[in-house]
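**Student:** Got a structure here, written out as structure tokens. Questions coming.
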Amino acid sequence: MLTMLAPAPRKHTTAAPDCRLCGAPLHTTLLDLGPQPVATSGLAAGETEVLHPLHIRLCNDCGLAQTSDIPAGAVADPAFAEPAARPGRYAETLRDRFRLGTDSLVIDLSPAESPLLSRLQAAGIPGFAIDPAVFGTDTAMKAAVERGCADVLVAHDVLPHAPDLFDFAAGLACILRPNGVLSLQFPHLLSLLQGVQFDAFRHDTHTYLSLPVTQHLLRSVGLRVFDAERLPEDGGCLRIQACHAHSPHPARHGLKAVRLAEAEAEAQRPALYRQFAGRVAVAREDILGFLRDRRRAGRVVAACGATARGSALLNNCGITTNEIACVAEAEPNRHGRWLAGCRIPVVPMEMLAQRAPDDIIILPWFAAAQLAVRLQPLRQAGTQLWRLLPRIERV
């Protein structure tokens, strides 16, 4: 069992790493989760997990929250990979706001088929996708020469995973037309901190971004943010629209609103940043205590959703099969595996009906309402549904 509820203070004998954005030494810890398995990994029979340090540091100079480099061997399991969401409905927003037509070009940084791109292409708007895993200045320049530059460049849920922020951002600038628009979307650091979302921190996410930090990065490659919007998806995302510095796109009201929210958070920095690790420790104790109380009462507890964030939550709390019997999952290629670290078996959704647990923990807590609809027959039979973040509450 991984016990990490009250980790002992760690003595860091090596020199502080440098900030990925400004190069300043990183002396401030935002959250040190200790040795953890890779959240996007599972185990087959006979396999053992490898633990890697997961230490989130905060740059006192530029404000970027970040991890160190992924250690050698920290490879994600393709069966547990989580493709970035590409909601097709945003296609209409882009088409109407920026008057896209048959002479426009849309580029989506997407590792798989993009519903957004497909919807635009169905409307006669040309476009193509680039795998963000290979994106940078070289890839962008080659695509620009061979296929053209973008009127709209969509880069959703990819920037935090870029090992080299500057090379990635420079690539964005290279492939964007002079009056083109860049659409970025990523988990919002402010939402993570306010909601004590410690399940969002993992090895393959190198940076956790705010509006000021993102503006700093984009300015360094000649881009300017002109609009911003906070979204509720996945616990809280930030969507940013940017353009070249001298492009005529005017600043919009949403940018001012997000700036105000960030400024208020900065004024509360001691409570929001410096007390974050303590708030996480309290939340983990509460979660583990809740599950142990259910076990002592003789109740059978299962979970739903073998996601990366779910795996991170379980391992960060030191939860094992002592507290949760299994995790039900709709994705068939995850069945018959175990989540790394906690070693909780992953089973088909249908197994929940057979086992009829007393309680089901919905691990993708931000999608609890949607999953509760699928679990309605069990709830009608007496099973209680719960989510553990941002607070323990019955669904």
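**Student:** In region 120-144, which residues are closer than 21 Å to Arg89 by Cβ and among the small types (Gly, Ala, Ser)?
**Tutor:** Listed by number, the residues that qualify are Ala122, Ala123, Gly124, Gly127, Ala129.
**Student:** Go through region 159-191 and give me each residue that's closer than 24 Å to Arg57 by Cα, open to solvent by less than 10 Å² (accessible area, probe 1.4 Å) and in contact with a strand residue (DSSP E or B) (Cβ under 6 Å, 6 or more places away or on another chain).
**Tutor:** Result: Leu159, Pro160, Leu184, Phe186, His188, Leu189.
**Student:** Is region 173-184 home to any residue that is in contact (Cβ under 8 Å) with a residue 40 or more places away in the chain, under 30 Å from Ile392 (Cα atoms) and under 14 Å from the mean Cα position of the chain (by Cα)?
**Tutor:** There is no residue in region 173-184 that is in contact (Cβ under 8 Å) with a residue 40 or more places away in the chain, under 30 Å from Ile392 (Cα atoms) and under 14 Å from the mean Cα position of the chain (by Cα).
**Student:** Pairs needed: first member in region 131-148, more than 22 Å from Glu113 (Cβ to Cβ); second member anywhere, modelled with pLDDT of 95 or more and open to solvent by 20 Å² or more (accessible area, probe 1.4 Å); C-beta distance under 7 Å; at least 6 residues apart or different chains.
**Tutor:** Gly136/Asp167; Thr137/Asp167; Thr137/Ala170; Thr137/Cys174; Met141/Cys174; Ala144/Cys174
**Student:** Could I ask something else about it? Does any residue of region 293-313 turn out to be outside any helix (DSSP H, G or I), of a type in the set (S, T, N, Q) and over 30 Å from Asn333 (Cβ atoms)?
**Tutor:** So the first thing to find is which residues in region 293-313 are outside any helix (DSSP H, G or I), and the list is 297-307.
After this cut, where a residue has to be of a type in the set (S, T, N, Q) as well, the list is 307.
So of that shortlist, the ones also over 30 Å from Asn333 (Cβ atoms) come out as none.
Checking region 293-313: not a single residue is outside any helix (DSSP H, G or I), of a type in the set (S, T, N, Q) and over 30 Å from Asn333 (Cβ atoms).
**Student:** While we're here: Going through region 316-342 one residue at a time, which ones are of a type in the set (Gly, Ala, Ser), closer than 25 Å to Asp286 by Cα and either open to solvent by 50 Å² or more (accessible area, probe 1.4 Å) or touching a residue at least 60 places away in the same chain (Cβ under 8 Å) (or both)?
**Tutor:** Those that are of a type in the set (Gly, Ala, Ser), closer than 25 Å to Asp286 by Cα and either open to solvent by 50 Å² or more (accessible area, probe 1.4 Å) or touching a residue at least 60 places away in the same chain (Cβ under 8 Å) (or both): Gly318, Ala340, Gly341.
**Student:** Collect the residues in region 254-272 that are open to solvent by 30 Å² or more (accessible area, probe 1.4 Å) and part of a helix (DSSP H, G or I), keeping them in residue-number order.
**Tutor:** Once the filter is applied, which keeps residues that are open to solvent by 30 Å² or more (accessible area, probe 1.4 Å) and part of a helix (DSSP H, G or I), region 254-272 yields Lys256, Ala257, Arg259, Leu260, Ala263, Glu264, Glu266, Ala267, Arg269, Pro270, Ala271.
**Student:** Would you say Arg379 is open to solvent by 60 Å² or more (accessible area, probe 1.4 Å) and in a helix (DSSP H, G or I)?
**Tutor:** Here the answer is yes, as Arg379 does meet what is asked.
**Student:** Gly136 passes all but one of (1) modelled with pLDDT of 95 or more; (2) out of contact with any helix residue (DSSP H, G or I) (no Cβ under 6 Å at 6 or more places or on another chain); (3) not basic (Lys, Arg); which number fails?
**Tutor:** (2)
**Student:** Within region 343-356, which residues are open to solvent by less than 10 Å² (accessible area, probe 1.4 Å) and either in a strand (DSSP E or B) or modelled with pLDDT under 95 (or both)? Walk me through how you get there before you give the answer.
**Tutor:** Here is the first cut: in region 343-356, the ones open to solvent by less than 10 Å² (accessible area, probe 1.4 Å) are 344, 346, 352.
Val346, Leu352 - these are the residues of region 343-356 that are open to solvent by less than 10 Å² (accessible area, probe 1.4 Å) and either in a strand (DSSP E or B) or modelled with pLDDT under 95 (or both).
**Student:** Still on this model: Of everything in region 110-123, what is in contact with an Asp or Glu (Cβ under 8 Å, 6 or more places away or on another chain) and under 14 Å from Ser183 (Cβ atoms)? Give them in sequence order.
**Tutor:** Ser110, Ser114, Leu116, Leu117
**Student:** Based on what the data block shows, is Val327 under 27 Å from Val50 (Cβ atoms), in contact with a His (Cβ under 7 Å, 6 or more places away or on another chain) and β-branched (Val, Ile, Thr)?
**Tutor:** No, not satisfied.
**Student:** Residues of region 279-331 being in contact with a helix residue (DSSP H, G or I) (Cβ under 6 Å, 6 or more places away or on another chain), at pLDDT below 95 and among the charged types (D, E, K, R), which ones?
**Tutor:** Arg309
**Student:** Also, quick follow-up: Looking at (1) in contact with a strand residue (DSSP E or B) (Cβ under 7 Å, 6 or more places away or on another chain); (2) within 27 Å of Leu21 (Cα to Cα); (3) touching a residue at least 24 places away in the same chain (Cβ under 8 Å); (4) not β-branched (Val, Ile, Thr), which one does Arg299 not meet, given that it meets all the others?
**Tutor:** Against the list (1) in contact with a strand residue (DSSP E or B) (Cβ under 7 Å, 6 or more places away or on another chain); (2) within 27 Å of Leu21 (Cα to Cα); (3) touching a residue at least 24 places away in the same chain (Cβ under 8 Å); (4) not β-branched (Val, Ile, Thr), Arg299 comes up short only on (2).
**Student:** Then there's this: Does Val213 qualify as being of a type in the set (Val, Ile, Thr) and within 19 Å of the chain's Cα centre (by Cα)?
**Tutor:** When the stated conditions are applied, Val213 passes them.
The values are calculated or read from the model by the stated rules, or taken from the named source; none is laboratory data. Note that this is a predicted model, so its numbers are computed, not measured. All Cβ positions, glycine included, derive from the backbone under ideal geometry; neighbour counts span all protein chains shown. Heavy atoms of the whole protein, side chains included, go into the accessibility calculation; ligands, DNA and RNA do not. Shrake-Rupley method; radii C 1.70, N 1.55, O 1.52, S 1.80 Å.
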